[in-house]
Amino acid sequence: MSDPPYHIWVSWRHRLETAIECARRLAHMFEGLAAAHPCFARWNKQAETRKAANAPFCAMPREWTS
């Protein structure tokens, strides 16, 4: 049995926050999803081949450079 596909679609009006603040908020949400269910603990890039799609989209848990 395979896992069901999930999609996250987000849209909202202009916010008075920096890009890094927005990224931190999004990362916090991803960490919350990973805590809710293990299928959300790994995010891969969309790609044409299985090998290419196995590349992680982002580091989990997050790694901040600034």
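The values are calculated or read from the model by the stated rules, or taken from the named source; none is laboratory data. None of these values were measured; they are calculated from a predicted model. We place every Cβ from the backbone using ideal geometry, glycine too, and count neighbours over all the protein chains shown.
I need the full set of residues from region 14-63 which are surrounded by 10 or more Cβ atoms within 10 Å (Cβ to Cβ) and polar (S, T, N, Q), in order please.
Matches in region 14-63: N44, N54.
Within region 23-33, identify whether any single residue is at pLDDT below 85, of a type in the set (A, V, I, L, M, F, W, C) and touching a helix residue (DSSP H, G or I) at 6+ places or on another chain (Cβ under 8 Å), and answer yes or no.
yes
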